[in-house]
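The values are calculated or read from the model by the stated rules, or taken from the named source; none is laboratory data. Everything numeric here is computed off the predicted structure, so don't read it as measured data. Quick reminder, even Gly has a Cβ in these numbers, built from the backbone with ideal geometry, and neighbours come from all protein chains shown. With ligands, DNA and RNA removed, areas are computed over all heavy atoms of the protein, side chains included. Shrake-Rupley method; radii C 1.70, N 1.55, O 1.52, S 1.80 Å.
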Amino acid sequence: MKLARMMAMALFFGTLNLGGGTALAADPAAAKKDDARMRWWREARFGMFIHWGLYAVPAGEWQGKEVKSIGEWIMNNAAIPVSDYEKLAQDFNPARFDAAEWVRIAKDAGMKYIVITTKHHDGFCMFDTKATDYNIVKATPYGKDVLRALSRECKRQGVKFCTYYSIMDWHHPSQFPGKSKTGGLAYNPSQMHPERKAEYIAYMKQQLRELISNYDTAVLWFDGEWCDWWTEADGKDLYAFLRKLKPSLIVNNRVGKGRKGMEGMSTSAEYCGDFGTPEQQIPPSGFPGVDWESCMTMNDTWGFKRNDDHWKSRQQLIRNLADAASKGGNFLLNVGPTSGGLIPPPSVERLEAVGRWIKVNSEAIYDTKASPFEKQLPWGRVTRKSDRLYLHVFDWPAEHKLFLPPIQGKVTGAYLLADPNKRALEVLQTKTEVKIVVPSVAPDANDSVVVVKIQGGKK
Ligand code: GLC
């Protein structure tokens, strides 16, 4: 018996149920709550994360030396005094920023939403806020509100506009740095002057209200919640405040302490937030019954870092998107624009490649649900939608035969999604397996999708 087939059989025995074959069982997502509010987000499956701020000016170097670790942490990692870091604003002049172009790049890649940093841990605000002058309009020579431009463009081009906001703030006077292991300055985690916490929360609420009323943000994506002074009760209060301001708002689990525990997830009702945030990884088996989104960099850093050329391949990115969808999750892929206002060309090229794949295969991604098979299949991934399975074949079978574990319900046809004529592929369904005869050459070396139609699969 050929290896692929043996593996498929092994999976079959591993998941055998006596009714004969894998039923297209009720998708665990059906158990998820808040359908109307979460619908667009669940259907979207793919979004663009944008980390943009003053850290793009030093771009990973301080005083002529490369600073280890991620670009947007340079203030902490190079222990830059606040007054020196503030001066970076004078060199932040993104003359080449073009909101329409950024949104077009995201849209052409197949991304349905954008999440942009409005205030990262460094405390600098990338929007026209009344709460502080430490913002792009007041403190930079550029003097324009990039967030306003992006939010308008997103509306115009039909992309959801969403915002990242750091709870920890290395610039706000309510907080102060601790000491690093070597006795130096360590902004992370920030320490709070207890008597100023209420003032800081009022500051946050003022800014978050602005993000909702002036920019109509669809998601609030919190981060920097790990400081000891921020509690689950604070998170719950903030969550309630935000949902009251905008009932349709979606909020990630980092608003409270919920990412402690399993891979950025909290399934427990004691935590607040609408979706989990596994970072730099796609969880091996997803989280059935829970909404989640994997955020990931394209190289090794979120904010622009000049010398980071450790780019993921186009193939890896396409497969990551399919992988996340096959486990019922979203994929939030990051870009770190330069201080001049450009999304780095290696990122744009990769997004174009994903876009070319999406153009042919979007049906196998958007509005799909997790694979109905309990175990991962040896050749790739599976997504599903109503009466269809989408087989994402990463490793094209050498002997031109693709094996699936047994399925309840009749397979009524199969074809390649890349084939405009939907020519029928030969299918052989028995009690012990489904065999699909495929052409000798894979239509796409990254991920070729085979559509399998099933009648009478339990839904
Ligand atoms: C981490 C980092 C931060 C980055 C974020 C994205 O929490 O602190 O720099 O913005 O992950 O998920």
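Residue separation of residue 363 and residue 421 scaled by 0.36 nm, minus their Cα-Cα distance, works out to 19.3 nm of gained length. At an R0 of 35 angstrom, the distance between the Cβ atoms of residue 180 and residue 148 translates into a FRET efficiency of 0.40.
Between residue 236 and residue 428, how many nm apart are label points set 7 Å from Cα along the C-beta direction? Between residue 236 and residue 428, the simple spin-label model gives 6.0 nm.
Label sites at residue 310 and residue 90, each approximated as a point 7 angstrom past Cα along Cα to Cβ, lie 3.4 nm apart.
Note on the range 380-455: Kirkwood hydrodynamic radius from all Cα pairs is 12.4 Å, rounded to one decimal. Residue by residue, the range 178-187 carries 3J(HN,Hα) couplings of x, 9, 6, 4, 8, x, x, 6, 10, 5 Hz when phi is fed to the Karplus relation 6.51 cos²θ - 1.76 cosθ + 1.60 (θ = phi - 60°); x denotes Gly or Pro.
Helix 197-213 axis versus longest C-alpha principal axis of the chain: approximately 60°, rounded to the nearest ten. Starting from the Cα-Cα distance between residue 197 and residue 133, subtract it from 0.36 nm times their residue separation and give me the gain in nm to one decimal. This chain segment gains 21.0 nm when fully extended.
Note that the range 412-425 has calculated 3J(HN,Hα) couplings of 9, x, 8, 7, 7, 4, 6, 8, x, 8, 6, 4, 5, 8 Hz, one per residue in order, obtained from phi through the Karplus relation 6.51 cos²θ - 1.76 cosθ + 1.60 (θ = phi - 60°); glycine and proline are x. The string of couplings for the range 157-166 from the Karplus curve (6.51, -1.76, 1.60, θ = phi - 60°) is 9, x, 10, 6, 9, 9, 10, 8, 8, 8 Hz, one whole number per residue in order, with x for Gly and Pro. When you restrict to C-alpha pairs under 8 Å that are six or more residues apart and normalise by the size of the range 80-191, the relative contact order lands at 26 percent. Bridgeable lysines around residue 65 (alpha carbons under 29 Å apart, same-chain partners fewer than 8 residues away excluded): 87, 119, 179, 181, 305, 312. As I understand it, the value is the acute angle between the Cα axis of helix 232-245 and the longest principal axis of the Cα atoms of the chain; what does it come to in degrees, rounded to 10? Approximately 80 degrees, to the nearest ten.
The slack in the chain from residue 352 to residue 108, taken as 0.36 nm per residue of separation less the alpha-carbon distance, amounts to 87.1 nm. Close amide H partners of residue 46, meaning residues 5 or more places away or on another chain with modelled amide H under 5 Å apart, are 112, 331. Taking every C-alpha pair closer than 8 Å and separated by at least 6 residues, the mean separation divided by the residue count of the range 320-459 gives a relative contact order of 23 percent.
For the chain, the longest piece that avoids every one of the GluC sites (Glu not before Pro) found in DSSP loops with at most 12 other C-beta atoms within 10 Å covers 1-269.
Here the translational diffusion coefficient of the range 3-364 follows from Stokes-Einstein with Rh set to the Kirkwood radius across Cα pairs; for 25 °C and 0.890 mPa s it amounts to 115 µm²/s. Measure up 385/422; 205/257; 160/359; 327/401; 205/236 against 21 Å on the Cα-Cα distance and list the ones that go over. Beyond 21 Å between Cα atoms: 327/401. Kindly express, to the nearest 10 degrees and within the range 0 to 90, the angle between helix 35-44's C-alpha long axis and the longest C-alpha principal axis of the chain. Computed tilt is about 80 degrees.
The spacing between the range 65-141 and the range 148-219, judged by their C-alpha centroids, is 12 Å. Annotation for the range 179-258: trypsin sites (Lys or Arg not before Pro) lying in DSSP loop with at most 15 further Cβ atoms inside 10 Å of their Cβ are 181. With contacts taken as Cα pairs under 8 Å and at least 6 residues apart, the chain reaches a relative contact order of 20 percent. Over the chain, accessible surface divided per residue gives 41 Å², non-protein components excluded, 1.4 Å probe.
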